[in-house]
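A short write-up of the structure that comes next.
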Amino acid sequence: MPADAAELEQIQRWFHAAVTRPHVRPERVADLVLPSNTLDSAARLSIYANMYFDRLTEILGEEFPSVQHLLGPQTFATVVRDYVSEHPSTHYSLAQLGKKFPQFLLTGADASAIGNPQFAAAVATVERTMEDVFDEQQDEPLTFDKLQAVDPGSWDQVRLKTISALRLLRLPYPVNNYISAVRDGKSIGIPAAEPAFIVVYRRNYRVWRADIDARQFTLLSGLAEGLSLGDAVSACAESPDTDPAELAGALHDWFRNWTADGFFHAIESDEVMTE
């Protein structure tokens, strides 16, 4: 038995390190862990270490099912073990465990095991963003009728506030169809690399993903950053992928669809404040 609280804390810290850092052979195993009739001290300790990593692999597998499918269960488990060893859980909620996983796949994991780190990281970025969006606060969405009620002379000055539960992603691979196929139990190959844009948002307590084009990404990003509608549309019109002659007709359809999907929750300007 430990002699005092300080010694107990020391033993607890030793046990934590022994369980969470399985690549480092802990000292004092025989002194602190009794053997059983069938297992020596080290084998008994390894049961706890394996349970720890198995549980965290299960949690991250639920958060990143498409990454797990891409890597295969065994490689995924190995990568998770390396990730958790480098980035152990420090938050009371395990929902925070995977925050650094996309970047780890890109720069920290064994590239030969990953195969295509850029694609794996892109897939993981979308799946992690889905987790973040799910946990965001709820905003009351703005209706298209309220948009149409704004004085046309004020449109250039108004700012449309995007909901908290919306993220815009620029990625090096079009990963959305791959993620959908995996979640539907279908087989699909890795697509060719090309710039891709995705909006991730929550509507009616469900998280949705949608591919958008570069023009829509530029416009929505400007609005999300607080630009006035006039400045955001101008930035969109000046992008290389935009035909100004076609833009005017597209804007009405875009905003009708985006308000139907609940992208905005307020209209702001010096004269207007609508929620």
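The values are calculated or read from the model by the stated rules, or taken from the named source; none is laboratory data. Just so it is clear, the model here is predicted, and its values are computed rather than measured. All Cβ positions, even for glycine, are placed from backbone atoms using ideal geometry, and neighbour counts span all protein chains on display. In case anyone asks, the SASA skips ligands and DNA or RNA and just uses the protein heavy atoms, side chains included. Shrake-Rupley method; radii C 1.70, N 1.55, O 1.52, S 1.80 Å.
When you scan the range 119-126, do you find a residue that is of a type in the set (A, V, I, L, M, F, W, C) and within 30 Å of Leu251 (Cβ to Cβ), even just one? Quick ask: steps written out before the conclusion?
Applying the first criterion (of a type in the set (A, V, I, L, M, F, W, C)) to the range 119-126 yields 119-124, 126.
Next, from what is left, pick out any that are within 30 Å of Leu251 (Cβ to Cβ): 122, 126.
Scanning the range 119-126 turns up at least one residue that is of a type in the set (A, V, I, L, M, F, W, C) and within 30 Å of Leu251 (Cβ to Cβ).
Tell me yes or no: at least one residue of the range 197-204 is touching a residue at least 40 places away in the same chain (Cβ under 8 Å) and over 22 Å from the mean Cα position of the chain (by Cα).
Within the range 197-204, none of the residues are touching a residue at least 40 places away in the same chain (Cβ under 8 Å) and over 22 Å from the mean Cα position of the chain (by Cα).
Take the residues in the range 56-83 that are of a type in the set (A, V, I, L, M, F, W, C) and closer than 13 Å to Phe104 by Cβ, then tell me which one is surrounded by the most Cβ atoms within 10 Å (Cβ to Cβ).
Here the answer is Val67.
Does any residue in the range 108-129 that is basic (Lys, Arg) come within less than 8 Å, Cβ to Cβ, of a residue that is buried (at least 22 other Cβ atoms within 10 Å of the Cβ) and not in a helix (DSSP H, G or I) six or more places away or on a different chain, and which pairs are these?
Pairs that qualify, where the first residue is basic (Lys, Arg) and the partner is buried (at least 22 other Cβ atoms within 10 Å of the Cβ) and not in a helix (DSSP H, G or I), are Arg128/Phe64; Arg128/Gly98.
Select, from Leu219, Leu247, Leu223, the only residue that is over 23 Å from the mean Cα position of the chain (by Cα) and open to solvent by less than 40 Å² (accessible area, probe 1.4 Å).
Answer to the selection: Leu247.
Conditions: (1) open to solvent by 80 Å² or more (accessible area, probe 1.4 Å); (2) within 23 Å of Tyr201 (Cβ to Cβ); (3) at pLDDT 95 or above. Gln118 meets all but one. Number of the miss?
Only one criterion in (1) open to solvent by 80 Å² or more (accessible area, probe 1.4 Å); (2) within 23 Å of Tyr201 (Cβ to Cβ); (3) at pLDDT 95 or above is unmet by Gln118, namely (2).
Looking at Ser180 and the list (1) polar (S, T, N, Q); (2) within 20 Å of His265 (Cα to Cα); (3) open to solvent by less than 70 Å² (accessible area, probe 1.4 Å), which single condition is not satisfied?
The one condition Ser180 does not meet is (2).
Under the condition of being in contact (Cβ under 8 Å) with a residue 60 or more places away in the chain and part of a helix (DSSP H, G or I), which residue from the range 84-107 is surrounded by the most Cβ atoms within 10 Å (Cβ to Cβ)?
Val84
Sort out which residues of the range 183-206 are surrounded by 15 or more Cβ atoms within 10 Å (Cβ to Cβ) and out of contact with any helix residue (DSSP H, G or I) (no Cβ under 8 Å at 6 or more places or on another chain), and write them in order of number.
If the condition is that a residue be surrounded by 15 or more Cβ atoms within 10 Å (Cβ to Cβ) and out of contact with any helix residue (DSSP H, G or I) (no Cβ under 8 Å at 6 or more places or on another chain), then Arg203 is the only one that fits.
Return a yes/no flag: does the range 176-184 have any residue that is of a type outside the set (S, T, N, Q) and on the phi > 0 side of the Ramachandran plot.
No, the range 176-184 has no match at all.
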